[in-house]
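Asks: Mind looking over this structure? Questions follow.
The values are calculated or read from the model by the stated rules, or taken from the named source; none is laboratory data. Owing to the predicted nature of the structure, the values given are computational and were not obtained by experimental measurement. Glycine also receives a Cβ, built like all others from the backbone with ideal geometry; neighbour counts cover every protein chain displayed.
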Amino acid sequence: MHIPDGFLSPATALVTGGLAAAGLGYALRRARKTLPSSATPLLGLGAAFVFAAQMLNFPVAGGTSGHLIGGVLVAVLLGPMAAVVVMSAVLMLQCFLFADGGVTALGANLFNMAIVAPGVGYAVYRGVRRLFGGLRGRLFATAFAAWLSTVVASVACAGELALSGIVPWRLVLPAMAGVHMLIGVGEALITTLVVAAVVRVRPDLFDPDVERERAPRAGDVAVYGLLVSAGLAVFVAPFASGWPDGLEKVAGVLGFDHHAMTAPLVGAPLPGYGVPGIDSGTLATIVAGLAGTLAAFLASYALARVLAPRERAVETGE
Amino acid sequence: MPRETLDRFARMDSPVHRLPAGVKFGVAFGFVVLTLLVPRHAWWVYAVESLLLVAVAVVSRIPPWFLLRRILWLEPVLMGVALLALWQPGGPGLFAALVARSTLCLAGMMLAAATTPFSDTLRLLERLHVPRMLMTTLALTFRYQYLLLDESDRMRRARRSRTFHARRGVEWRMLSTVVAHLFLRSIDRAARIHAAMCARGWRP
């Protein structure tokens, strides 16, 4: 998902850069003000840990392998504000020390993987945790958050590429989201297995008091909610709404209208069955996305059941 | 992911190595912006730029295989995104232009990074007023990534020598345990580092 140089239009690069700088600056300020001084080395070591963890190859099939990305893992283990700083450090080092991800695309990469992924992931994690308690609920929330954050980050990335006029939205969205729905499965599995292992060895890290310290304040939620939704509104909403007028207006405002996507690039699978306002290609994408999300939700629950099987028995003392 | 960082040959001596980090990264960034601003099909510009890059690479005396291997490793990502452009009007030309442009930008930044020790890059970022907390985090990340990598290698080797043949599911659980313990060791190490930093008079 690391966007190289050369794929983003100047406007997209500037907007993502601004959003990323605002998000990272806020996280740094909050970290300096509220975290104890011992947290500074923790952030550095956390980033070094993500680096080392990303180097471990998990065998997938036919000789291929995948690796952890780590946004949700760090958000669950160290808290969302720390996760923003840690993932930013990882991405900056990847950019300057490995040339992985372009300099002009650094803002976009930071926004997608250091702000959207941990931010959305942590919000989902908290939401699911509220509904399902206990270890099983925690693992369920972790798995689903890891999967969904990977997919949402890839959708933001697709939106940035499409808005830059390089690739058509109708192609880049299914391609990016589809691939990352699969990558997300690996991410969810690894993240959940790791969290389960940490809980087993150090349950004290998840004591309610310790966890409250990591949790974001109302202000943080507001700032990141605003940043993420502003980003998604700029990059994704113009395409997600079926109205070509809206798209053209935004493209005109931002100066991309010379790249306007004129003809449908993929034929609609069910011509004539479209919902008013939404053409059937968009509808198919939405339905596929919802089905995938539901499947991931159920699979996350199944995974949590497998990893935390005997909870009820322990609670009732059997 | 390759483990080798780009600054492996950064401590050599050559006219390019001797330039200040600010100049190198400034020129590289200007090169990237210029490449992105020229019209997409100005092929002669790309040709001139690649000759320029080759010249700099030769002067810097960094082994060509090192740079080529890094470029080839990142090329699939580039191609993957560019492939989608084939469905645009004027696809093949756009595809070729995108790949050429991105590869040039990549090579330019890579040359700057490969001839600059990372500590100099950090100092440059500091001069650019990157917040101090982020700088400390970056410096610690750079310092300790090698250590944690070695640590995870040792843990994995120890585990492997005790497990003869693991099925994929077992392998995944095993690797996850390695990651979990790596995390726990990292936070313990962070506490010790904090004590050491305070003992040497560090103030946040």
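Asks: Given the condition farther than 16 Å from A:L303 by Cβ and not aliphatic (A, V, I, L, M), answer yes or no: does some residue in region A:134-143 qualify?
Replies: no
Asks: Condition check: at positive phi and more than 9 Å from every other protein chain (Cβ to nearest Cβ). Does A:G79 satisfy that?
Replies: yes
Asks: Taking into account only those residues within region B:50-83 that are closer than 20 Å to A:I3 by Cα and of a type in the set (D, E, K, R), which is farthest from the other protein chains (Cβ to nearest Cβ)?
Replies: B:R69
Asks: Out of (1) in contact with a Gly (Cβ under 8 Å, 6 or more places away or on another chain); (2) closer than 13 Å to B:A97 by Cβ, the odd one out for B:V32 is which?
Replies: That leaves (2) as the condition not met.
Asks: Related question: Taking the stated definitions as given, is A:S149 in a helix (DSSP H, G or I), in contact (Cβ under 8 Å) with a residue 12 or more places away in the chain, within 14 Å of chain B (Cβ to nearest Cβ) and crowded, with 20+ Cβ neighbours inside 10 Å?
Replies: The answer is no for A:S149.
Asks: If you don't mind, there's one more thing I want to ask. Checking the structure you have, find out if any residue of region B:24-33 is more than 18 Å from the chain's Cα centre (by Cα), of a type in the set (D, E, K, R) and surrounded by 12 or more Cβ atoms within 10 Å (Cβ to Cβ).
Replies: no
Asks: Moving to a separate point now. Output the helices (runs of 4 or more DSSP H) that fall wholly within region B:115-204 and possess 1 or more residues being at pLDDT below 90 and farther than 28 Å from B:I62 by Cα, or say none.
Replies: Correct list: B:132-162, B:168-199.
Residue by residue, here is whether (1) of a type in the set (G, A, S); (2) not assigned by TED's automatic domain parsing to the domain that holds B:R11 holds:
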| site | (1), (2) |
| --- | --- |
| B:G108 | yes, no |
| B:E126 | no, yes |
| B:D153 | no, yes |
| B:S186 | yes, yes |
| B:A195 | yes, yes |
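Asks: Only residues that are within 11 Å of chain B (Cβ to nearest Cβ), out of contact with any Ser or Thr (no Cβ under 7 Å at 6 or more places or on another chain) and closer than 22 Å to A:V228 by Cα: list them for region A:152-172, please.
Replies: A:C157, A:A158, A:L161, A:A162, A:W169, A:V172
Asks: Right, another one. Give me the pairs, please: first residue somewhere in region B:52-67 and basic (K, R), second residue anywhere and outside any helix (DSSP H, G or I), beta-carbon distance under 9 Å, and either six or more positions apart or on two chains.
Replies: Cβ pairs passing all conditions: B:R61/B:M12; B:R61/B:D13; B:R61/B:S14.
Asks: Of (1) more than 7 Å from chain B (Cβ to nearest Cβ); (2) closer than 24 Å to A:V194 by Cβ; (3) free of Cβ contacts under 8 Å to residues at least 12 places away in the same chain, A:P41 satisfies all except one. Which?
Replies: Condition not satisfied by A:P41: (1).
Asks: Could you please find all residues in region B:88-115 being of a type in the set (V, I, T) and at the interface with chain A (Cβ under 9 Å from one of its Cβ atoms)?
Replies: B:V99, B:T103
Asks: Residues in region B:87-97: is at least one under 20 Å from the mean Cα position of the chain (by Cα) and in a helix (DSSP H, G or I)?
Replies: no
Asks: Which count do you get for residues in region A:23-35 that are within 9 Å of another protein chain (Cβ to nearest Cβ) and not aliphatic (A, V, I, L, M)?
Replies: Of the residues in region A:23-35, 3 are within 9 Å of another protein chain (Cβ to nearest Cβ) and not aliphatic (A, V, I, L, M).
Asks: Among the helices (runs of 4 or more DSSP H) confined wholly to region B:1-64, which include 3 or more residues that are β-branched (V, I, T)?
Replies: Answer list for region B:1-64: B:21-37, B:43-60.
Asks: Here is a further query. So B:R132 passes all but one of these: (1) over 21 Å from the mean Cα position of the chain (by Cα); (2) away from chain A (no Cβ under 11 Å). Which condition number does it fail?
Replies: (2)
Asks: Which condition breaks for A:P216 when tested against (1) at pLDDT 50 or above; (2) assigned to a helix (DSSP H, G or I)?
Replies: The one condition A:P216 does not meet is (2).
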